[in-house]
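Engineer: What follows is a structure written as structure tokens; I'll ask about it next.
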Amino acid sequence: QARYHAAYCGLCRALKLEYGFAARFLVNYDMTFLYFLLREGDLACPGRCFCPARPWCRKACLPEDGTMRYAADLSVLLSWWKLLDARHDSRGPRRLAAKAALLLYRRSYRRASARHPALDAAFGTELARLQALEDEKSPSIDRTADAFASLLRDCAAHYDGRERRPEQLLLYHVGRYLYLADALEDLPRDVRAGAYNPLRYRYGADGGTLDPADRAQLLETIDASISMACSAMELLDGRRDRELLSNILYFGLPAVLHAVAEGTFRKAGNRRKT
């Protein structure tokens, strides 16, 4: 846990160094996981760095290296496309907030896009495919989940030019898991707001809940993606943080899925734990 937090702080620092102070707000746990997945070689020793959220103390943080910079670049790119999606789907204050954030991060996006033009184009293609499925209110959970999962798979496919089939397979199924688990958690709210949710149209869940048989079927297909991600993990070698990655896949993902299914995932302050 301490090492994971040190990587999170290291990513926050890398975002500031590469893209300025405002980019610190784009730090996230998903890209921290990506850092551990793609990094090979000896364990990086954490140093101490200033934390603007806690200026009275210095926190442990892993040093910036090529993998950390790549995770920072992807944090900017994925956040940019997420903001574009929010601008398209939201109304009122949320739409205005998305527009303001797009203005704030325009320079950062252009810099990250210049570093990874092929990856940026791939993100745009997959999100356009997902947006088209949402606009037509597709009842297929496989097609919509595939668009999002393919986006995460591309994060490994465009890293350092090497063939990374296990990492791509792992990220694909983690992405599928994330999309379907989020859809399950957001179903009641999406139905109330009239927003698109593939589960509503796949299972006819106009009341915002799934019947027991449909819920069991959905959990089974999500659990299958967890199993596939774990199988891909067994194909990896050269990872000094293998135990940390295995803990997330074998214990963290099923625990979060169980909490989502039981309706207990959201904690105090409406924050998500990953």
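The values are calculated or read from the model by the stated rules, or taken from the named source; none is laboratory data. Not measured: the values here are computed from a predicted model. All Cβ positions, glycine included, derive from the backbone under ideal geometry; neighbour counts span all protein chains shown. Side chains included, ligands, DNA and RNA excluded: accessible areas come from the protein's heavy atoms. Shrake-Rupley method; radii C 1.70, N 1.55, O 1.52, S 1.80 Å.
Engineer: Can you go through GLU64, GLU40 and tell me which one is assigned to a loop (DSSP other than H, G, I, E, B), open to solvent by 60 Å² or more (accessible area, probe 1.4 Å), touching a residue at least 24 places away in the same chain (Cβ under 8 Å) and of a type outside the set (A, V, I, L, M, F, W, C)? Before you say what the answer is, go through the steps one by one.
Structural biologist: Values: GLU64 fails: open to solvent by 60 Å² or more (accessible area, probe 1.4 Å).
Answer to the selection: GLU40.
Engineer: So CYS12 ticks every box in (1) open to solvent by 70 Å² or more (accessible area, probe 1.4 Å); (2) touching a residue at least 24 places away in the same chain (Cβ under 8 Å) but one. Which box is left unticked?
Structural biologist: It fails just one condition, (1).
Engineer: Considering each residue of the stretch 1-29, count those that are farther than 14 Å from THR67 by Cα and assigned to a helix (DSSP H, G or I), and give that number.
Structural biologist: Let us first name the residues in the stretch 1-29 that are farther than 14 Å from THR67 by Cα, namely 1-6, 9, 16-17, 19-29.
So of that shortlist, the ones also assigned to a helix (DSSP H, G or I) come out as 2-6, 9, 16-17, 19, 21-26, 29.
Selection size over the stretch 1-29: 16.
Engineer: What is the one condition in (1) modelled with pLDDT under 95; (2) open to solvent by less than 20 Å² (accessible area, probe 1.4 Å); (3) not β-branched (Val, Ile, Thr) that ALA72 does not satisfy?
Structural biologist: ALA72 satisfies all of (1) modelled with pLDDT under 95; (2) open to solvent by less than 20 Å² (accessible area, probe 1.4 Å); (3) not β-branched (Val, Ile, Thr) except (1).
Engineer: Another question, if that's okay. Small (Gly, Ala, Ser), within 26 Å of ALA156 (Cβ to Cβ), without any contact (Cβ under 8 Å) to a residue 24 or more places away in the chain and in a helix (DSSP H, G or I): is that true of GLY175 in this structure?
Structural biologist: On the way: small (Gly, Ala, Ser): yes; within 26 Å of ALA156 (Cβ to Cβ): yes; without any contact (Cβ under 8 Å) to a residue 24 or more places away in the chain: no; in a helix (DSSP H, G or I): yes.
Against the criterion (small (Gly, Ala, Ser), within 26 Å of ALA156 (Cβ to Cβ), without any contact (Cβ under 8 Å) to a residue 24 or more places away in the chain and in a helix (DSSP H, G or I)), GLY175 does not qualify.
Engineer: For residues in the stretch 199-226 being out of contact with any His (no Cβ under 8 Å at 6 or more places or on another chain) and of a type in the set (S, T, N, Q), which is least open to solvent (accessible area, probe 1.4 Å)?
Structural biologist: Of the residues in the stretch 199-226, the ones out of contact with any His (no Cβ under 8 Å at 6 or more places or on another chain) are 199-224.
Restricting the remaining residues to those that are of a type in the set (S, T, N, Q) gives 209, 217, 221.
On the way: THR209: 100, GLN217: 86, THR221: 36 Å².
Among residues in the stretch 199-226 that are out of contact with any His (no Cβ under 8 Å at 6 or more places or on another chain) and of a type in the set (S, T, N, Q), the one least open to solvent (accessible area, probe 1.4 Å) is THR221.
Engineer: Anything in the stretch 130-150 that is crowded, with 17+ Cβ neighbours inside 10 Å, among the polar types (S, T, N, Q) and in contact (Cβ under 8 Å) with a residue 60 or more places away in the chain? List them, or say none. Please lay out each step first, then the result.
Structural biologist: In the first step, residues of the stretch 130-150 are kept if they are crowded, with 17+ Cβ neighbours inside 10 Å; the result is 130, 133-134, 138, 141, 144-150.
Now narrow it down to the ones that are among the polar types (S, T, N, Q): 138, 144, 150.
The answer is SER138, and nothing else.
Engineer: Restricting attention to the stretch 179-217, which residues are in contact (Cβ under 8 Å) with a residue 40 or more places away in the chain, within 24 Å of LEU127 (Cα to Cα) and part of a helix (DSSP H, G or I)?
Structural biologist: Keep residues of the stretch 179-217 that are in contact (Cβ under 8 Å) with a residue 40 or more places away in the chain, which gives 180-181, 183-185, 195-196, 198-199, 201-202, 215.
This time we only want the ones that are within 24 Å of LEU127 (Cα to Cα), so: 180-181, 183-185, 195-196, 198-199, 201-202.
Passing the criteria: LEU180, ALA181, ALA183, LEU184, GLU185, PRO198, LEU199, TYR201, ARG202.
Engineer: Working carefully through the options ARG153, ARG110, find the one that is part of a helix (DSSP H, G or I), within 21 Å of ASP223 (Cβ to Cβ), free of Cβ contacts under 8 Å to residues at least 40 places away in the same chain and open to solvent by 30 Å² or more (accessible area, probe 1.4 Å).
Structural biologist: ARG153
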